[in-house]
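One structure is given here, and the rest of the page talks about it.
The values are calculated or read from the model by the stated rules, or taken from the named source; none is laboratory data. All values derive from a computational prediction rather than experimental measurement. Methodologically, a virtual Cβ is constructed for each residue, glycine included, from the backbone with ideal geometry; neighbour enumeration extends over all protein chains shown. Remember, those area values only see protein heavy atoms, side chains included, never the ligands or the DNA or RNA. Shrake-Rupley method; radii C 1.70, N 1.55, O 1.52, S 1.80 Å.
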Amino acid sequence: MTKQILFGLSILMVVMSACEKPKNLIYNGGRIRIDSIRPLFVKEGQSFTIYGKNFNPVAAKNILTINNIPAQGNVMEGRIQVTLPTGVFRNADTLLAQLTLKEEGEAYVDTAYFYSSQTPRIYSVAPTTVRIGDTITVKGEGFVEGRDERAFRFMPPVNEWEHMRGDQILEGKVPFISDRIVEIIVPEKAKTGVLGLFTSLPVFIPGSLSAPTSITVIQ
């Protein structure tokens, strides 16, 4: 479990650095440079914008792929507006999109990442002091019925994860789920620790509180 968490965090660091690159980096020879993508959560058919520098004013000369699917956008000063093509997020479990961009005839390729609009994002958890059988309400976005009912787990405190056993990870029953609200019943044997959201992405998701939330269980 510890190795999986550390691996997820390392992926996140790469993703975050690609989505929001420092503004003071030095680039050679007028290379294409992606600074950011907005919005960061996108659905197929939706328009989004790539911000950066040195884009070719001829749209077709900016070679753009998203999860290996070709795309093309309208070029304006410092940005490219793109409509997300069909097939980038092939199912509800495909949450991360890799965007690559190069200028025709050039070897240099820049890369950035963004997310499916169906990426679960947690904005609030209440209450955080509970008893066995109580209902916790999670509010956010991107929750998917049929995928996320079994994604919430009660676990020991983060500082105990290194020695965490499988039987200490408890699934909370979900009697209600919508795209913005999930209700979770505190399971038997739950103890004070954290409520975590398991997805195909790293634990921490940009722009949300999807990091494990501390939960106090009163016995």
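Of the residues making up segment 90-111, one or more are open to solvent by 40 Å² or more (accessible area, probe 1.4 Å) and of a type in the set (Gly, Ala, Ser). Residues that are open to solvent by less than 30 Å² (accessible area, probe 1.4 Å) and of a type in the set (Gly, Ala, Ser) were ranked within segment 112-129; the one that is farthest from Thr213 (Cα to Cα) is Ala112. Just a yes or no: is a residue in segment 147-169 within 18 Å of the chain's Cα centre (by Cα) and in contact (Cβ under 8 Å) with a residue 60 or more places away in the chain? Scanning segment 147-169, I find no residue that is within 18 Å of the chain's Cα centre (by Cα) and in contact (Cβ under 8 Å) with a residue 60 or more places away in the chain, so the answer is no. Among the residues making up segment 167-179, those that are out of contact with any strand residue (DSSP E or B) (no Cβ under 6 Å at 6 or more places or on another chain), surrounded by 13 or more Cβ atoms within 10 Å (Cβ to Cβ) and either of a type in the set (S, T, N, Q) or under 15 Å from Val125 (Cβ atoms) (or both) are Gln168, Ile177. For Ile132, the conditions (1) in a strand (DSSP E or B); (2) open to solvent by 60 Å² or more (accessible area, probe 1.4 Å) all hold with the exception of (1). Go through segment 135-166 and give me each residue that's surrounded by fewer than 15 Cβ atoms within 10 Å (Cβ to Cβ) and outside any strand (DSSP E or B). Glu145, Gly146, Arg150, Pro157, Asn159, Glu160, Glu162, His163, Arg165, Gly166, listed by residue number.
Look at segment 75-86: where a residue is under 15 Å from Thr100 (Cα atoms) and free of Cβ contacts under 8 Å to residues at least 40 places away in the same chain and a partner is assigned to a loop (DSSP other than H, G, I, E, B) and open to solvent by less than 30 Å² (accessible area, probe 1.4 Å), sitting 6+ places away or on another chain with Cβ atoms under 9 Å, you get Arg79/Phe55; Ile80/Phe55.
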